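To keep things clear, I will list the structure first and then write my remarks on it.
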Amino acid sequence: MKYKSDLFAVHLNEFNLNYLTIGAKKYRCKSILELFKLKKIETYTQDIKQNFNLDPWVQSVSINTGKKSKKHKILNLGQKIPRNTNQIWDVLSTKKINCSVWGTMNSTLKKNKFIDLYFPDPWNFNDKPHPINLKKLFYLPNYYAKNYLDFSFFKTLYLGVTFFFECLFNKCFYFFLCNFSFILKSIFNCGFKNFILFFFFDLISLNILKYKLQNKRSNFSIIFLNSLAHFQHNNWDEKKNEKYYFLFTELIFKEILNIQRYYKSSIIFNGFTQNKIKSEYLLRPKNPNYFLDNLNIKFSSIEQDMTNGAFVFFKNEAEQKECQIKLNSFYIYNFKVFDVKKISKVSLFYKIKIKSFKKISLNENSNLNDCLKQISYVDNKKIINENNNKKIDYFFIKYFFNNINFIKTTGIHSTEGVLFYKNIFIEEKKTKKIENHKIFNLILNHFNI
């Protein structure tokens, strides 16, 4: 079939346009400023609640399927998409349009000969990379993303060596050679911060995708990059690291422009953005397996998500019900600690509801009531010891705070976003904004579908 031109799509998750524009001028980032010369249109979502539907793993599904979250009902990272739900590349491939998909959140693979490349996001435990020789590139980010608070040094080392040699096999040697001194300098000045590792992974992803497309250019390619969002979420208040944020982002934009030259048309969008906030903290188990096991909860396996939730799987329905009852029984004063949802007879999803304004460090001499006064809130309600009709389980509270980590949050989600485009038809006089799920239609219209 005939269509206007091939298309390269970049989901550059949650970047704040104003912050990026000001910083690009300050640090003379030519590639960022060049890309921002493209035409642009505002995007938005009607989802408004962070940690429910205003999250990247929800908006990504809306964009990929053309459905609002109320219809697709995929609200948790790692949640499996129904087989009868078609994503952009599923529709395009039925029209014999070759597609490559890298890292887009909560996606799934339906194999056919027109899917040239598929690489799942690191939290995906349902799908494997395609072709299968990409699996060695997947093991490290998949393991580290879920276990970075309590990882095995030797396992990480083994997966890291495997990952490195697989990168070289996929022609990343030139990238490492050209950026070796910068990589060393960034680690020396910033340390092994997670945002540095996320930037490395995104840059390697772009380079491998570029190499794959040189051998066989798909008519439609989409890549999801999360490093900018990660910095804004966790490190936005760190002025000493700001320079490296922009230098890494400049490298990312440079690689985007390099791949963009293979395509006549392109779109770059953020899905939605973030606004900077005063630091607060999410609470996440240091080791989810240990955490549940020592609460005497029986389970078969657990899949930790990006923040403070996880899927838990069981041998039978009785174990699932027992876990659900137990997690629902834990309170701090009048507030439930866990939000628990049944997924199936042998699985559930839990999330820690409590946030904090401060870190807590408990020891034998700690006064729990004094500690609790410093922190916490659930669903924006301050936890206070008033009208208390729940027995306080001090053993649980002490266990809980000794086995979780406080994850700093410096950015909060906002409903507004932006989409830059090149050689894409948009009736600018009629179209003031595009709702996220309609990016799906924008792409299909481009291919005359």
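Suppose each label sits 7 Å from its Cα in the direction of the beta carbon; what would the residue 317-residue 178 distance come out to in nanometres?
Distance between the two pseudo-spin positions: 5.8 nm.
Between 96, 30, 113, where does the largest GNM mean-square fluctuation fall for the chain, given springs only between Cα atoms within less than 10 Å?
So, out of 96, 30, 113, the one fluctuating most is 113.
With every protein chain kept in place and ligands, DNA and RNA left out, what is the accessible area per residue of segment 227-280? Probe 1.4 Å, answer in Å².
35
Of the options 447, 347, 9, report the single residue whose Cα projects farthest towards the positive end of the charge dipole of the chain (beta-carbon charges: Lys, Arg +1; Asp, Glu -1).
Result: 447.
Considering only protein heavy atoms, what per residue accessible area in square angstrom results for segment 1-139 with a 1.4 angstrom probe?
45
So who's got an amide H within less than 5 Å of the one on residue 273, skipping anything under 5 residues away but keeping other chains? H placed 1.01 Å off N, in plane.
414, 416
Using just the Cα positions, wrap the chain in a convex hull and report its mean projected area in square nanometres, one decimal place.
For the chain, the mean projected area of the Cα convex hull comes to 22.8 nm².
Report the gain in length on full extension from residue 398 to residue 432: 0.36 nm times residue separation, minus Cα-Cα distance, nm rounded to one decimal.
Answer, rounded to one decimal: 7.0 nm.
Is there a pair in 30/210; 171/315; 216/432; 70/433 whose C-alpha atoms are over 32 Å apart, and which pairs would that be?
Violating the 32 Å Cα-Cα cut-off are 171/315; 216/432.
Could you rank the peptides 287-296, 259-268 by their average count of other C-beta atoms within 10 Å per residue, with the highest value first?
Going by the mean number of other Cβ atoms within 10 Å, highest first, we get 259-268, 287-296.
For the chain, give the percent of accessible area contributed by carbon and sulfur heavy atoms, probe 1.4 Å, rounded to a whole number.
Carbon and sulfur atoms account for 53 percent of the accessible area of the chain.
With the crude spin-label approximation of a point 7 Å out along Cα→Cβ, what separation in nm comes out for residue 112 versus residue 326?
Each label point lies 7 Å from its Cα, and together they span 4.5 nm.
Only bridges with both residues in the chain count here: give the DSSP antiparallel percent, nearest 5.
Given both bridge residues lie in the chain, the antiparallel proportion sits at roughly 65 percent.
Which of rounded, prolate or oblate describes segment 73-148 when judged by the alpha-carbon gyration tensor and an a/c cut-off of 1.5?
oblate
If you plug each phi of segment 43-48 into the Karplus form 6.51 cos²θ - 1.76 cosθ + 1.60 with θ = phi - 60°, what whole-Hz ³J(HN,Hα) values come out, in order, with x for Gly and Pro?
10, 6, 9, 8, 6, 10
Would you kindly derive the ³J(HN,Hα) couplings of segment 95-105 from the backbone phi angles with the Karplus curve 6.51 cos²θ - 1.76 cosθ + 1.60 (θ = phi - 60°), listing them in order in whole Hz, with x for Gly and Pro?
9, 6, 9, 6, 9, 10, 10, 10, x, 5, 5
Can you list the residues, at least 5 places off or on another chain, whose amide H is less than 5 Å from the amide H of residue 78, using H built in the peptide plane?
106
Order of 228-237, 406-415 by packing, highest average Cβ count within 10 Å first?
228-237, 406-415
Just order 320-327, 341-348 by mean Cβ neighbour count inside 10 Å, highest at the front, would you?
The peptides rank, most packed first, as 320-327, 341-348.
Name the long-range amide H neighbours of residue 236: under 5 Å, sequence gap of 5 or more, or other chain; modelled H, no Pro or chain starts.
410
Distance between Cα centroids, segment 232-306 to segment 70-145: provide it in whole Å.
So the separation of the two Cα centres works out to 19 Å.
Grab the DSSP H runs of the chain that are 4 residues or longer, score each as -39,500 (n - 2.57), total them, divide by all residues and round the 222 nm result to the nearest 500 deg cm²/dmol.
Rounded to the nearest 500, the figure is -12000 deg cm²/dmol.
Express the Stokes-Einstein translational diffusion coefficient of segment 131-243 in µm² s⁻¹, to the nearest whole number, given a Kirkwood radius over alpha-carbon pairs, 20 °C and a viscosity of 1.002 mPa s.
Using the Kirkwood radius from Cα pairs, D works out to 139 µm²/s.
Could you list the trypsin sites (Lys or Arg not before Pro) in segment 143-204 that lie in coil according to DSSP, counting only those with at most 15 other Cβ atoms within 10 Å of their Cβ?
Of the trypsin sites (Lys or Arg not before Pro), the ones in loops of segment 143-204 whose Cβ has at most 15 other Cβ atoms within 10 Å are 171.
The values are calculated or read from the model by the stated rules, or taken from the named source; none is laboratory data. Keep in mind that this is a model prediction, so the values were computed, not measured. Note: ideal-geometry Cβ built from the backbone for every residue, glycine included; neighbour counts use all protein chains shown. In case anyone asks, the SASA skips ligands and DNA or RNA and just uses the protein heavy atoms, side chains included. Shrake-Rupley method; radii C 1.70, N 1.55, O 1.52, S 1.80 Å.
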